[in-house]
Amino acid sequence: MSLLRVTDLKKHFPTYNQKLLRRPGAPVKAVDGLSLTLEAGETLGLVGESGCGKSTAGRTILKLLEPTGGTIEFEGRDVTHAKGEELRHLRRELQMVFQDPYGSLNPRHPIGQIIAAPFEIQKVTPPGGIKKEVQALMERVGLNPEHYNRYPHEFSGGQRQRIGVARAIALKPKLVVCDEPVSALDVSIQAQVINLLEDIQNEQNLAYVFIAHDLSVVRHISDRVMVMYLGKVMEVADRNSLYERPMHPYTQALMSAVPVPEPRRDRERILLSGDLPSPQNPPSGCVFRTRCPIATDRCAAETPIPTELEPGHIVACHYPKVREVV
Amino acid sequence: MSTNELEPIGVELLESNGPKVDRSRTTGTPDKFLRVDDLHVHFPTDDGMVKAVDGLTFDLEKGTTLGIVGESGSGKSVTSLAIMGLHRGSRAKVSGHIWLDGEDLLQVSDEELRSLRGRKMAMIFQDPLSSLHPYYTIGQQLTEALQVHQKVTKKQARTHVVDMLGRVGIPNPDRRFDQYPHEFSGGMRQRAMIAMALLNDPELLIADEPTTALDVTVQAQILDLMRSLQDEFGSAIIMITHDLGVVAEIADDVLVMYGGKCVEYAEVDDAFHQPDHPYTWGLMSSMPRLDRVKQERLVPVAGNPPSLINIPSGCAFNPRCAFKDASPVACDAVVPELLESYPKHDSRCHIPVPKRAELFAERVAPRL
């Protein structure tokens, strides 16, 4: 039994053509048919350009957003439409680390109170009392436990992200969704937080859904990586086969665009023309076809079905072909 | 404040670390296209003096690109604002020299500076949405940038602007001319900013994190664009970034800043193949690499970047340096000089050069 099984998850946001009359327009299909499984202790990287639906996917999995369709199973239980008490219980197992360490901490609360909030909401008293547990958590994430009564503004960006991590792991959850947890941090601080997340995972057998746009960070931290484009999954594979043998033209373009810190190294670059199409009016057939260098008429007519071409390597493309780009 | 007060005190010169770099030229006009000479930018605040830039020297020729790398608060953006003269009228105390094509930008009048800005030198900012005015169309804003410096009719201006929008890769430039910034995507806005910067064929282009807010695919397009425009116009480019990958891709020279000072300054190949400062090593080993199978663990730089009000005594990097035991000098007491370790390769560290090469080869390179 997988820890998490998501099947054909959809999240559509309604739009209205006229504010006054509230006539519904075409919905924005932020996530449109996402399926994934996650085992305990595993890290799944979720990558894609801004607007591809990766953050919405993370939030919908945690039920911060109500899914439009599909199912979410956690430890074999269907939690797609969990509400109220059931949902609150579920949140003990499912937590989140946010991107913005400035915006996700209440500036009026001392950090001791912020990290203690999960205990109070869940009405859980850890052995030894909340304060002791919070200080142990602070110590664990590399904060000085004596700073219990300080406020978020007294901490640097990296330290604030550590506070966010302490809050997320307070209830010993089984799954944490990390939404761009290191992108707001400086390079040297980024590595500190990545190492912290890895250490905690090893200690507690945590599973992560790691959402990021930085493909280098995702390669480092993930066991498996999923590439999204316009709400749909383009390619999923374990880390090494995805980076060494990408088969989807979008994955190849994305990877070839990442600058590598090695001067005068000639790499082939696959340039994508144009911008991301509107998710309100996605292209017919394969959503990537308008920017795809190898698209044909077939791509406009038929939607490619995600297919397992190698063990564990799933590609949604009519013309998959391995191409080394890294 | 006189410049004397800003001189570092207690400096000792280590002969073994190579000749002292000539950083003292204060008279005459340098032959370089751009020469920043002993630049200091200090901000007086209630909590004390913020030494954002503290004695920075570099130069740049036409047709070449300098990459300035550093973390937040290292002084890289403040440097670019100083070159553009954008600290004028603020409380900042700027001293030193900025020679651009024979003129000292710190001495010229506001009037002259205004005529240089946008014509001879231009800047691209990080966030294109907050740099563009939401109430005016892209066309109006670009036309204004042109008309400030050139006597052209409205019609000529429009032709020129539309042409430039097309050159930076904006499709349907004639239609886009009449649109507002909110109708542009992030990548398109940044292209419009670049088009605005290039309208008057500037000889110096300063790009402050121009691609940080953009997706990698768009970043690749913008970097390609900047490279091809440099080939076409022969401009000098200063590229400010925290991404070593971007530097490797676009720069000819690299300047690494830490705590308001230059800690390493070299040609790009040398900087990446034989980096010579422990901070540069730290940056390199804390970055995961796209093209490598997973390293066991990243090696971050310990601690946090320094507060610029309270810069650590001695070498500003010493509290975070993992190699200070190898130094023959007390790193927390003596400020290291910027010295020429190798030809055209300067760095600011007390550890003797051969020892540094050994440390890099044995302890840093294997884990990169």
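Only one of the numbered conditions (1) within 21 Å of A:Ile305 (Cβ to Cβ); (2) in contact with a helix residue (DSSP H, G or I) (Cβ under 8 Å, 6 or more places away or on another chain); (3) open to solvent by 20 Å² or more (accessible area, probe 1.4 Å) is violated by A:Arg239, and that is (1). The residues on offer are B:Ser131, B:Ser90, B:Ser72, and the sole one that is within 14 Å of chain A (Cβ to nearest Cβ) and either over 22 Å from B:Lys32 (Cα atoms) or at pLDDT 95 or above (or both) is B:Ser72.
Among the residues of segment A:242-251, the one identified as open to solvent by 10 Å² or more (accessible area, probe 1.4 Å) and within 12 Å of chain B (Cβ to nearest Cβ) is A:Glu244.
Among the residues of segment B:268-292, those identified as more than 10 Å from chain A (Cβ to nearest Cβ) and crowded, with 23+ Cβ neighbours inside 10 Å are B:Pro275, B:Asp276, B:His277, B:Pro278, B:Thr280, B:Trp281. Listed by first and then second residue, the pairs with beta-carbon distance under 7 Å, at least 6 apart or on different chains, first residue in segment B:338-353 and at negative phi, second open to solvent by 40 Å² or more (accessible area, probe 1.4 Å) and aliphatic (A, V, I, L, M), are B:His350/B:Leu14.
Here is the figure for segment A:39-61: residues that are touching a helix residue (DSSP H, G or I) at 6+ places or on another chain (Cβ under 9 Å) and either of a type in the set (A, V, I, L, M, F, W, C) or assigned to a helix (DSSP H, G or I) (or both) total 2.
With a requirement of 1 or more residues that are more than 26 Å from B:Ala220 (Cα to Cα), the helices (runs of 4 or more DSSP H) lying completely within segment B:105-208 that satisfy it span B:110-116, B:138-149, B:154-167. Number of residues in segment A:134-146 that are within 14 Å of A:Gln113 (Cα to Cα) and open to solvent by less than 40 Å² (accessible area, probe 1.4 Å) equals 4. On the stretch given as segment B:225-247, residues that are more than 20 Å from B:Phe33 (Cβ to Cβ), modelled with pLDDT under 90 and open to solvent by less than 20 Å² (accessible area, probe 1.4 Å) total 1. In this structure, B:Ala82 does satisfy being among the small types (Gly, Ala, Ser) and crowded, with 21+ Cβ neighbours inside 10 Å. When B:Lys324 is tested against (1) open to solvent by 70 Å² or more (accessible area, probe 1.4 Å); (2) within 26 Å of A:Val260 (Cα to Cα), just one condition goes unmet, and that condition is (2). Suppose we keep only residues that are within 12 Å of chain B (Cβ to nearest Cβ) and surrounded by 14 or more Cβ atoms within 10 Å (Cβ to Cβ) within segment A:272-287. Which one would you say is farthest from A:Val325 (Cα to Cα)? Going through the qualifying residues, I end up with A:Pro277. Residue under question is B:Gln107, and the condition is that it be over 25 Å from the mean Cα position of the chain (by Cα) and either under 24 Å from B:Glu203 (Cβ atoms) or without any contact (Cβ under 8 Å) to a residue 12 or more places away in the chain (or both); does it hold? So B:Gln107 does not fit the description; no.
Exactly one residue out of A:Val225, A:Val209, A:Val218, A:Val233 is open to solvent by 10 Å² or more (accessible area, probe 1.4 Å) and of a type in the set (A, V, I, L, M), and it is A:Val233. Exactly one residue out of B:Glu232, B:Glu209, B:Glu183 is free of Cβ contacts under 8 Å to residues at least 24 places away in the same chain, farther than 28 Å from B:Pro366 by Cα and within 14 Å of chain A (Cβ to nearest Cβ), and it is B:Glu183. For segment A:95-126, the candidate set comprises residues that are surrounded by 14 or more Cβ atoms within 10 Å (Cβ to Cβ) and without any contact (Cβ under 8 Å) to a residue 12 or more places away in the chain; within that set, the residue that is farthest from A:Leu206 (Cα to Cα) is A:Gln113. Here A:Arg22 does not fit the description of being open to solvent by 50 Å² or more (accessible area, probe 1.4 Å), touching a Pro at 6+ places or on another chain (Cβ under 8 Å), not polar (S, T, N, Q) and not in a strand (DSSP E or B).
Residues in segment A:38-76 that are surrounded by fewer than 16 Cβ atoms within 10 Å (Cβ to Cβ) and either under 15 Å from the mean Cα position of the chain (by Cα) or farther than 12 Å from A:His12 by Cα (or both): A:Glu39, A:Ala40, A:Gly41, A:Ser50, A:Leu64, A:Thr71, A:Glu75, A:Gly76. Annotation: of all residues in segment B:126-172 being of a type in the set (Gly, Ala, Ser) and open to solvent by 20 Å² or more (accessible area, probe 1.4 Å), the one that is farthest from the chain's Cα centre (by Cα) is B:Gly166. Put simply, of B:Asp253, B:Asp243 the only residue that is in contact with a Phe, Trp or Tyr (Cβ under 8 Å, 6 or more places away or on another chain) and either closer than 30 Å to B:Asn200 by Cβ or without any contact (Cβ under 8 Å) to a residue 40 or more places away in the chain (or both) is B:Asp253.
Scanning segment B:238-262 for residues that are part of a loop (DSSP other than H, G, I, E, B) and facing chain A (nearest Cβ under 10 Å) turns up B:His242, B:Asp243, B:Ala251, B:Asp252. Looking at A:Pro261, A:Pro282, just one residue is within 25 Å of B:Met287 (Cβ to Cβ) and part of a loop (DSSP other than H, G, I, E, B), and that residue is A:Pro261. If you check A:Arg298, A:Arg269 for being within 12 Å of chain B (Cβ to nearest Cβ), more than 24 Å from A:His12 (Cα to Cα) and either in a loop (DSSP other than H, G, I, E, B) or not small (Gly, Ala, Ser) (or both), only one passes: A:Arg269. Scanning segment B:293-331 for residues that are more than 14 Å from chain A (Cβ to nearest Cβ) and of a type in the set (Ser, Thr, Tyr) yields B:Ser313, B:Ser327.
Among all positions in segment A:179-194, there is at least one residue which is surrounded by 24 or more Cβ atoms within 10 Å (Cβ to Cβ) and not in a helix (DSSP H, G or I).
Only residues that are more than 14 Å from chain B (Cβ to nearest Cβ), within 10 Å of A:Val31 (Cβ to Cβ) and not polar (S, T, N, Q) were counted across segment A:54-63, and they come to 4.
Every residue, every condition in (1) within 12 Å of chain B (Cβ to nearest Cβ); (2) more than 13 Å from the chain's Cα centre (by Cα), yes or no:
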{"residue": "A:Arg150", "(1), (2)": "no, yes"}
{"residue": "A:Gln159", "(1), (2)": "yes, yes"}
{"residue": "A:Ile163", "(1), (2)": "no, yes"}
{"residue": "A:Ile169", "(1), (2)": "no, yes"}
{"residue": "A:Gln190", "(1), (2)": "yes, yes"}
{"residue": "A:Asn202", "(1), (2)": "yes, yes"}
{"residue": "A:Tyr208", "(1), (2)": "no, no"}
{"residue": "A:Leu215", "(1), (2)": "yes, no"}
{"residue": "A:Arg224", "(1), (2)": "no, no"}
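The values are calculated or read from the model by the stated rules, or taken from the named source; none is laboratory data. As the structure is a computational prediction, the values presented were derived from the model and not from experiment. Cβ sites come from the backbone with ideal geometry, for glycine too, and all protein chains shown count toward neighbours. All accessible areas refer to the heavy atoms of the entire protein, side chains included, with ligands and DNA or RNA removed. Shrake-Rupley method; radii C 1.70, N 1.55, O 1.52, S 1.80 Å.
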